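The block underneath contains the structure these notes are about, expressed in structure tokens.
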Amino acid sequence: MTGPVLPLVAVALVVVATIGIGVYGLRLARTTSDFLVASRTVSPLWNASAISGEYLSAASFLGVAGLVMAYGADALWYPVGFVAGYFVLLLFVAAPLRRSGAYTVPDFAEVRLGSRGLRRLCALAVVAIGLLYLVPQLHGAGLALRATTGAPVQVGAVLVAVVVTVNVAGGGMRSATFVQAFQYWLKLTALAVPAVFLLLAWQGDGRPALDTPTPPTFLQRTTVEVDSSTRFVVDEPVTVTVDGRQRRLEEGSTAVPGGSPVVFPAGAAVPHVASLAPATGLDWSRPLSGAGGVEHPLYATYALVLATFLGTMGLPHVLVRFYTNPDGRAARRTTLGVLALLGAFYLLPAVYGALGRLYVPELLLTGRTDAVVLSLPVAALSGPAGPLLQALLVAGAFAAFLSTSSGLLVTTAGVLAQDLLPAGRGDRAPGRVRGSVRGFQLAALGTGGVSLLVALPAAALPLTQVVGLAFAVAASTFCPLLVLGIWWRGLTVAGAGAGLLVGGGLSTLAVAATLTGSVGSDGWPAALLAQPAAWTVPTAFAVMVAGSLATRGTVPPDVGRTMMLLHAPEGLGLPAGSGPPGHADRSSPETTARRRQRAVRRTAP
Amino acid sequence: MSRPEPPRRVAVTSPRTAAVRRPPGRSALRALDEQDVVGELLVRSLVRAQLTLALRLLTVLAVLLGGLPLLFATVPSTRDVQVLGLPLPWLALGVLVYPALLVGGLVHLRLAERHERDFVDLVERS
């Protein structure tokens, strides 16, 4: 069997390239500031490629197509929201955040409100969101390797965790920037080239219709590997072959004992996994039809829009990238570049999702729709093209796992090292343990290890939905903090803290309830918990505003200076976020960025 | 053999940058730096202009993009209209939305930088 060889070669090539570019970057990274923020020498195009490469995760590369395949037109809102989030970020956050000189949200909280306590609270939220986002990446790597080579799920997760942890601990962000930029282009190519071949094959087959009045059927005699734990629902009785013997599946829920391959005849209706309601092609192609069994699709759509539009700005690994822009203007240009690059990429996943219903409908039975991107070429194309293109897609998928995981790891470890690790000889000696290269490396090893420990036993998680929940938590915590902090002078420490606690607490509870499946899947409670952003984001905003108004007397006295720092364009000779240290002591809360710069200056040769 | 002393190396620089040619007005700059009434007003007006711009574009986004689900819900026939061989929802959400967001971003970039130039001009003139 030559099957697993090509995908393994592809994975090996991506891993070697990632490590190679990492080593090349390491030679250039000398000081702490090189290590963490690439010395802010990254040009807008590089930076936009790097942001896009970092952002396009397993959820985008594999998950979106899987959701489109299962849920139809409504799932198109996921990629739309992933891009529109950058538009909102451009409008409200990009330039002022860069000008604040903040490297992470905790930095921003301290620059704006001068509170160490609030800083710690933000750091906790960063770690929570980082882990919530990191785990599905590792899990996706396991799924991808299993789908293409049959390796156990754990192998892919361990592979990605080890490569990323070693690479990040060794090279930091400087190498990450090169790696990320390279990986955006790899991912775009890997998804675009097979899509062209698949569309040609579809054309060659006479463009079979997708909006049929019936649920999907098997185009040809199909062998399906069903593991014994999978329960599926048979709607039309069908005679299948199991272990060479004919067996009739009657209507109703069914499981195949022993995990034997089941052979379905051509033209049979595809039984669906128990958690997914079968939809006719017509319903699938229509928005708001509830295809796949979504309750209250209009609410779910708006809640998803809110979570993704507002959550992007709160994703820790996204914000860090803005610090690598030289100034606020470059930050805007970088964001515009990201809008273009992401827009080009997200034209593609829907193609896979749609064609998947025709060529690999058995994924609706096994519930592994996340594998549609990787399974399509072999199923739809004849000859050597299928395996070759599949290998290309595996390479792209691993680029996605590696790049997003590195970005998350750099940020989460950075925040851990900076704010949550023991401070060694105390705060009086900044840069000694906290924020030092060694502290960062230790934090990276710790974070990588913990996320792997969580990912290994995790049950089958739908990639994009878990990522969607991370967006909801980010939108309910950091979005109000950033928007109100940047645009409203009245924000106070107490108000911001209360808003973070309420928004973060509510959204985390909703996530926990959804992931543990403790609330069933019917009716309003389930819909509200599965997409919490629609009520947690307004609540967080309201609490933050009300709390600030109630503690009006504690508005920082230097808020006018901070507002000027955030909004005044560079080049006026005013103290700026990245200004020389002489300016630093003018504003009372010294930012980490400045502290770090000074620490570096002391230790640099 | 003694050669004539080579000419000393000197740095040749051009003073023709905006910063040198037109030094910022002292008084406004100091007003900004010291955050007196004038400085405060200058910054407040810049922030208000930028915020208005951002909210306007957000409203456009909310109406155009946020209105789509409402349109599909209230006029169900729009879900089946075929445009250019694709159902309207797929054309709008799968293709058109991305260039539209890019254009919106470009508009914001232009206008936000214009506000900043106006602010700089105001500071330098005074």
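Taking every alpha carbon pair in segment A:111-184, what does the distance histogram look like in 5 angstrom bins from 0, in percent?
Taking every Cα pair in segment A:111-184, the percentages come to 3, 13, 14, 17, 19, 14, 10, 5, 3, 2, 1.
I want to make sure I understand the PRE zone here: with the label point 7 angstrom from the Cα of A:S253 toward its beta carbon, which residues in segment A:276-291 have backbone N atoms less than 14 Å away?
A:276-277
Search the structure for amide H atoms under 5 Å from the amide H of A:Y103, placed 1.01 Å from N in the peptide plane, and list their residues when 5 or more places away or on another chain.
So A:Y103 has HN proximity to A:F108, A:A593.
In square nanometres, what is the average projected area of the Cα convex hull of segment B:25-125? Display every interim value, and only then the final one.
Working: hull surface 32.7 nm².
Averaging across all directions leaves 8.2 nm² for the Cα convex hull.
For A:A268, which sequence-distant residues (separation of 5 or more, or a different chain) have an amide H within less than 5 Å of its own amide H, given hydrogens modelled in the peptide plane?
So A:A268 has HN proximity to A:F218.
Efficiency by 1/(1 + (r/R0)^6): what FRET value for B:V37 and A:A546, r their Cβ-Cβ distance, R0 = 25 Å, to the nearest 0.05? Don't skip to the answer; put the middle values down first.
Numbers: r = 30 Å, r/R0 = 1.19.
Plugging the Cβ-Cβ distance into 1/(1 + (r/R0)^6) gives 0.25.
Could you derive backbone 3J(HN,Hα) for segment A:540-548 from the dihedral phi with the Karplus parameters 6.51, -1.76 and 1.60 (θ = phi - 60°), listing whole Hz in sequence and x where the residue is Gly or Pro?
4, 4, 4, 5, 5, 5, 5, x, 5
Between B:V10 and A:E225, with labels modelled 7 Å along Cα→Cβ, what's the label distance in nm to one decimal, could you check?
7.9 nm
Based on a Kirkwood Rh over C-alpha pairs, give the Stokes-Einstein translational diffusion coefficient of segment A:222-269 at 20 °C and viscosity 1.002 mPa s in µm²/s.
Roughly 198 µm²/s, to the nearest whole number.
Could you grab the relative contact order for segment A:222-269? Cα pairs under 8 Å, six or more apart, rounded to a whole percent.
In percent, rounded to a whole number, it is 50.
If I model a spin label as a point 7 Å beyond the Cα along the Cα-Cβ vector, how far apart are those points for A:L501 and A:T280 in nm?
With each label placed 7 Å out from Cα toward Cβ, I get 5.4 nm.
With label points built 7 Å along Cα→Cβ from the Cα atoms of A:L453 and A:T239, find their separation and express it in nm.
With each label point 7 Å from Cα toward Cβ, the separation is 5.5 nm.
Just so you know, all these numbers are worked out from the coordinates, no wet-lab data involved. Bear in mind the structure is a predicted one, so any value in this text is a computation, not a measurement. Cβ coordinates were reconstructed from backbone atoms using ideal geometry, including for glycine residues, and neighbour counts include every protein chain displayed.
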